[in-house]
Amino acid sequence: MEKQTSLTVLSGFGVTKVEIANMANQIIADVEDGNIDPLTALVGIRAAENALKLIKNKLNNIFNDSAHEYTEKSFIKNNIKFTKTGRRAYDYSVSSDWIALNEKKKALETLMKAIKEPMANTETGEMVYPAPSKYSESISITFPND
């Protein structure tokens with residue numbers, strides 16, 4: 001029998017794509033069928049997301065160290081495939097040309113948000129069109145401190 005830990009609560013989700021989708025679909029159905037209050041479900045989901053994000057951020061170095069014990073780029077452990085990846089980030093702010101172009105881009109974005117009809121750019125003669133916009137709604141949740 002596996003030792004019970006604080007991570008045991010997540011083991012109910014399963015680890016295959018099908019098991020994860022089944023768990024998600026079960027929660028979706030419970031909300032849609034009225035078995036779970038939608039806002040209660042949202043709070044639970046956001047709380048889980050926040051907890052998992054905190055865990056991942058805090059333990060990321062430990063996770064990477066553990067993966068680097070394997071010499072292969074990809075390896076399988078407990079029937080799960082892991083692939084070590086990396087990504088390079090560039091800081092363009094060291095270039096005055098980039099800063100100037102970025103400021104020009106921001107000014108154009110501000111203009112495109114403000115205009116309602118196409119207009120000619122007085123400096124270049126090029127047509128400037130209003131930026132199409134999309135509106136979406138979301139719900140913000142503030143958790144109590146204690």
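Descriptive notes on the structure:
- The stretch 1-22, subset at pLDDT below 90 and of a type in the set (A, V, I, L, M), residue farthest from PHE143 (Cα to Cα): MET1
- Residue among ASN121, ASN102 that is touching a strand residue (DSSP E or B) at 6+ places or on another chain (Cβ under 6 Å), over 30 Å from LEU7 (Cα atoms) and surrounded by 10 or more Cβ atoms within 10 Å (Cβ to Cβ): ASN121
- For the stretch 23-38, taking the residues that are more than 21 Å from the chain's Cα centre (by Cα) and aliphatic (A, V, I, L, M), the one that is farthest from ILE139 (Cα to Cα) is identified as ALA29.
- Residue within the stretch 37-58 that is more than 22 Å from VAL15 (Cα to Cα) and not in a helix (DSSP H, G or I) present: yes
- In the set ILE99, ILE115, ILE80, only one residue is in contact with a helix residue (DSSP H, G or I) (Cβ under 7 Å, 6 or more places away or on another chain) and either touching a residue at least 24 places away in the same chain (Cβ under 8 Å) or farther than 30 Å from ILE45 by Cβ (or both); that residue is ILE99.
The values are calculated or read from the model by the stated rules, or taken from the named source; none is laboratory data. Small disclaimer: the values here were computed from a predicted structure and weren't measured. Positions of Cβ are generated from backbone atoms using ideal geometry, with glycine treated the same way; all protein chains shown enter the neighbour counts.
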